[in-house]
Amino acid sequence: MGMTMSQKILAEHCGLPSLRAGDIVMAQLDMVLGNDITSPVAVKEYARLGSPCVFDCNKIALVMDHFTPNKDIKAAEQCKTVREFARENEIVNFFDVGEVGVEHALLPEKGLVGSGDLVIGADSHTCTYGALGAFSTGVGSTDMAYAMATGKAWFKVPSAIKFVLKNKPQKWVSGKDIILHIIGKIGVNGAQYKSMEFTGDGIEHLSMDDRLCMANMAIEAGAKNGIFEVDEKTVEYEKANGRNNTRVFKADSDAEYDEVIEIDLSTIRPTVAFPHLPENTRTIDEVGEVEIDQVVIGSCTNGRLEDLEVAAAILEGKRVHRDCRVLIIPATQKIYLDAMEKGLLKTFIESGCAVSTPTCGPCLGGHMGILAKGERAVATTNRNFVGRMGHTESEVYLASPAVAAASAIAGKIASPGEV
Amino acid sequence: MNAKGKVIKYGNNIDTDVIIPARHLNTTDEKVLASHCMEDLDKSFPGRVGEGCTIIVAGKNFGCGSSREHAPLAIKASGIACVIASDFARIFYRNSINIGLPIVECPEAAASIEDGDEVEVFFDSGVIKNLTKSAEYKMTPFPPFLQAIISAGGLIAAAEKNLLGD
Ligand code: SF4
């Protein structure tokens, strides 16, 4: 029996000719990731293992992105724990304030993850790197600790759902709208424990930023990983980021899928997920009147250059609504700099937005834009659970950068075509 | 190994943001985490656990959301002996195994057990007994590799005992 893309990558990393869904394996990892929330727990567990040194100081990435620049004393102490660990163990890829970006935007941009890799990260959105044709998945701090010592992790081999993407998306429809549409269709546990494998001729119309956004939200459908077939765009992207060894794992023609779902990209409309689950989706034509207090454009989902370009194009020459606070958070220092050079930051500031240094910040209700009771935000982030961005009686509406920018001007959820 | 206690029942999609809100993730202290466990969902949680409600029963997709191990840690440190759900979000599932929080997937039990029922879980024989309703449910057993981790008390403990191979 044939294997899926994900199964092939796993098989290669545990030196087996083939694997079946449900098998449990120990596999060798190419990269192990942690952030300032999950790494302190991992450092504690790592100490219990009594390992003389980490398995490979080049294959661990520690990214201080969640509560940084440190929001309070406790957060500062947590970062300090990780900083000291990084120094002691000579961790090469340690990213602190000044260099840091939101982890899942930073690692692909630095070429630290790529096609054919097997990656775990103590962060649920580690599934983002599937956009490059990697098998990457979120784990917990204990897995991270064990992996830092041994370079290995256990996996239950997933079965898969194949998504065949067809045709070209309409204007204003981005990767975010497509993945929200898919989650709305299959639900927040529609791909529980499974791989979401994206193929089809529609992929060629999706930029790498679109794909990174879509793979990022595979976890919001409960998936273990999301993965795209590698094409010329992947190769180009990897080359631009210093990787010249694109590795292609194609699914076998007789690979077995639990389900095959066809998605006609040309019929998808800009889509918004209403509180309090990413599956509560409505098209922009169905949202009605929803007044808002805040807009956040950023995060590992939509804080990349293209996202900022789309938002700036809509905001250019306009003012944000006076009752609406608008936060723009470029996901990495490079994106920040590129946005500056392209004049996007000027556009944002002149239209009344606040521009922040890279941080997760409000995405997880950490800092830099917390909502009060009863307030509503449109965010380009990935989760809208109860209390995610602040008070338990606040609300988060998930949308694309285009919808978020249009809403910032209108002071209510709005279509980019309207403003 | 078994677990016995009264049940606190929750619904579907209990996410890690309500199990332990992100505003409390600036600590790794289990006691502090436990003191905030479920506070956005159910203020009565710590009190009820103290009164012997040591088993959580929930619907689908328990533990969905972030990878924060603080979530199962907070539940375990609260004094919960076992979580029974229809199914679990996958990172929560592996985190629970890795830290030694007993969890059980059993859609039948999740549907039939009610809040306040007294329940006993027999992990070895794979049986859940509802003492209040005099009912019995069969749970899905863990594969042997995972059973070895759970019996050792978690991934690190299993590694210390050399149970995972080289
Ligand atoms: S931006 Fe949000 S979702 Fe992404 S890593 Fe940071 S907190 Fe997590």
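Failed condition for A:Ala147, given (1) more than 23 Å from A:Gly22 (Cβ to Cβ); (2) within 14 Å of chain B (Cβ to nearest Cβ); (3) not charged (D, E, K, R), with all others met?
Of everything listed in (1) more than 23 Å from A:Gly22 (Cβ to Cβ); (2) within 14 Å of chain B (Cβ to nearest Cβ); (3) not charged (D, E, K, R), A:Ala147 misses just condition (1).
Hey, can you tell me all the residues within the stretch A:349-371 that are within 14 Å of another protein chain (Cβ to nearest Cβ) and away from the ligand (no atom under 11 Å from the Cβ)? Explain how you work it out, then say what you get.
At the first step, the residues of the stretch A:349-371 found to be within 14 Å of another protein chain (Cβ to nearest Cβ) are A:359-371.
Once the filter is applied, which keeps residues that are within 14 Å of another protein chain (Cβ to nearest Cβ) and away from the ligand (no atom under 11 Å from the Cβ), the stretch A:349-371 yields A:His367, A:Met368, A:Gly369, A:Ile370, A:Leu371.
When only residues in the stretch B:23-59 that are more than 16 Å from the ligand (Cβ to nearest atom) and among the basic types (Lys, Arg) count, which is least open to solvent (accessible area, probe 1.4 Å)? So that I can check it myself, show each step before the final result.
Taking the stretch B:23-59 and keeping what is more than 16 Å from the ligand (Cβ to nearest atom), we get B:27-59.
Add one more test, that the residue is among the basic types (Lys, Arg), and what stays is B:31, B:43, B:48.
Values: B:Lys31: 168, B:Lys43: 165, B:Arg48: 55 Å².
The residue in question is B:Arg48.
Condition first: farther than 21 Å from A:Trp172 by Cα, within 16 Å of the ligand (Cβ to nearest atom), within 14 Å of chain B (Cβ to nearest Cβ) and of a type outside the set (A, V, I, L, M, F, W, C). Can you find one or more residues in the stretch A:325-346 that meet it?
no
Sort out which residues of the stretch A:55-68 are under 10 Å from A:Asp36 (Cβ atoms) and either out of contact with any strand residue (DSSP E or B) (no Cβ under 6 Å at 6 or more places or on another chain) or outside any loop (DSSP other than H, G, I, E, B) (or both), and write them in order of number.
A:Leu62, A:Val63, A:Met64, A:Phe67, A:Thr68
Of all residues in the stretch B:60-79, which are assigned to a loop (DSSP other than H, G, I, E, B), surrounded by fewer than 24 Cβ atoms within 10 Å (Cβ to Cβ) and more than 10 Å from every other protein chain (Cβ to nearest Cβ)?
Matches in the stretch B:60-79: B:Gly79 only.
Would you confirm, using the coordinates I've provided, whether A:Asn58 is over 20 Å from A:Gly140 (Cα atoms), touching a helix residue (DSSP H, G or I) at 6+ places or on another chain (Cβ under 8 Å) and open to solvent by 40 Å² or more (accessible area, probe 1.4 Å)?
No; evaluated as a whole, the condition is false for this residue.
Of all helices (runs of 4 or more DSSP H) completely enclosed by the stretch A:203-320, which ones contain at least 1 residues that are in contact (Cβ under 8 Å) with a residue 40 or more places away in the chain and in contact with a strand residue (DSSP E or B) (Cβ under 7 Å, 6 or more places away or on another chain)?
A:208-216, A:305-315
Counting just the residues of the stretch A:105-128 that are more than 14 Å from chain B (Cβ to nearest Cβ) and of a type in the set (A, V, I, L, M, F, W, C), which one comes out nearest to the ligand (Cβ to nearest atom)?
The residue in question is A:Ala105.
Go through the stretch B:101-166 and tell me which helices (runs of 4 or more DSSP H), entirely inside it, have 3 or more residues that are open to solvent by 30 Å² or more (accessible area, probe 1.4 Å).
In the stretch B:101-166, B:107-112, B:144-152 are the helices (runs of 4 or more DSSP H) which contain 3 or more residues that are open to solvent by 30 Å² or more (accessible area, probe 1.4 Å).
If we scan the stretch A:79-94, do we find a residue that is within 15 Å of the ligand (Cβ to nearest atom) and either touching a strand residue (DSSP E or B) at 6+ places or on another chain (Cβ under 7 Å) or over 20 Å from A:Gln333 (Cα atoms) (or both)?
No, that holds for no residue.
Hey, can you tell me all the residues within the stretch A:185-198 that are surrounded by fewer than 22 Cβ atoms within 10 Å (Cβ to Cβ) and either in a helix (DSSP H, G or I) or of a type in the set (A, V, I, L, M, F, W, C) (or both)?
Within the stretch A:185-198, A:Lys185, A:Ile186 qualify.
Which numbered condition in (1) within 14 Å of chain A (Cβ to nearest Cβ); (2) touching a residue at least 40 places away in the same chain (Cβ under 8 Å) is the only one that B:Lys6 fails?
Here B:Lys6 meets the rest and fails (1).
If I ask for residues that are free of Cβ contacts under 8 Å to residues at least 40 places away in the same chain and open to solvent by less than 20 Å² (accessible area, probe 1.4 Å), which ones from the stretch A:1-21 would you list?
A:Ala11
Can you give me the number of residues within the stretch B:1-22 that are more than 16 Å from the ligand (Cβ to nearest atom), among the small types (Gly, Ala, Ser) and outside any strand (DSSP E or B)?
Looking only at that region, the number is 1.
Filter the stretch A:286-306 for residues that are surrounded by 18 or more Cβ atoms within 10 Å (Cβ to Cβ) and among the small types (Gly, Ala, Ser) and give the result.
A:Gly298, A:Ser299, A:Gly303
Which one of these is outside any helix (DSSP H, G or I), farther than 21 Å from A:Ile227 by Cα and open to solvent by 10 Å² or more (accessible area, probe 1.4 Å): A:Lys80, A:Lys71?
Going through A:Lys80, A:Lys71 in turn, just one is outside any helix (DSSP H, G or I), farther than 21 Å from A:Ile227 by Cα and open to solvent by 10 Å² or more (accessible area, probe 1.4 Å): A:Lys71.
If you check every pair at least six apart or on different chains, which have Cβ atoms under 6 Å apart with a residue in the stretch B:119-141 that is touching a residue at least 60 places away in the same chain (Cβ under 8 Å) first and a residue that is part of a loop (DSSP other than H, G, I, E, B) and surrounded by fewer than 12 Cβ atoms within 10 Å (Cβ to Cβ) second?
B:Phe123/B:Met1
Among the charged types (D, E, K, R) and under 27 Å from B:Asp15 (Cβ atoms), is that true of A:Arg319? Spell out how you get there, then give the answer.
Working: among the charged types (D, E, K, R): yes; under 27 Å from B:Asp15 (Cβ atoms): no.
Criteria not met by A:Arg319.
Residue by residue, here is whether (1) at pLDDT 95 or above; (2) open to solvent by less than 10 Å² (accessible area, probe 1.4 Å); (3) over 20 Å from A:Val310 (Cα atoms) holds:
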| site | (1), (2), (3) |
| --- | --- |
| A:Gly361 | yes, yes, yes |
| A:Ile370 | yes, no, yes |
| A:Ala379 | yes, yes, no |
| A:Ser394 | yes, yes, yes |
| A:Ala399 | yes, yes, no |
| A:Ala404 | yes, yes, no |
| A:Lys412 | yes, no, no |
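May I ask you to verify whether A:Val25 is within 16 Å of the ligand (Cβ to nearest atom) and surrounded by 14 or more Cβ atoms within 10 Å (Cβ to Cβ)?
In short, no.
The values are calculated or read from the model by the stated rules, or taken from the named source; none is laboratory data. Small disclaimer: the values here were computed from a predicted structure and weren't measured. When we count neighbours, we look across all protein chains shown, and the Cβ atoms used for this are built from the backbone with ideal geometry, even at glycine. Only protein heavy atoms, including side chains, enter the accessible area calculation; ligands, DNA and RNA are left aside. Shrake-Rupley method; radii C 1.70, N 1.55, O 1.52, S 1.80 Å.
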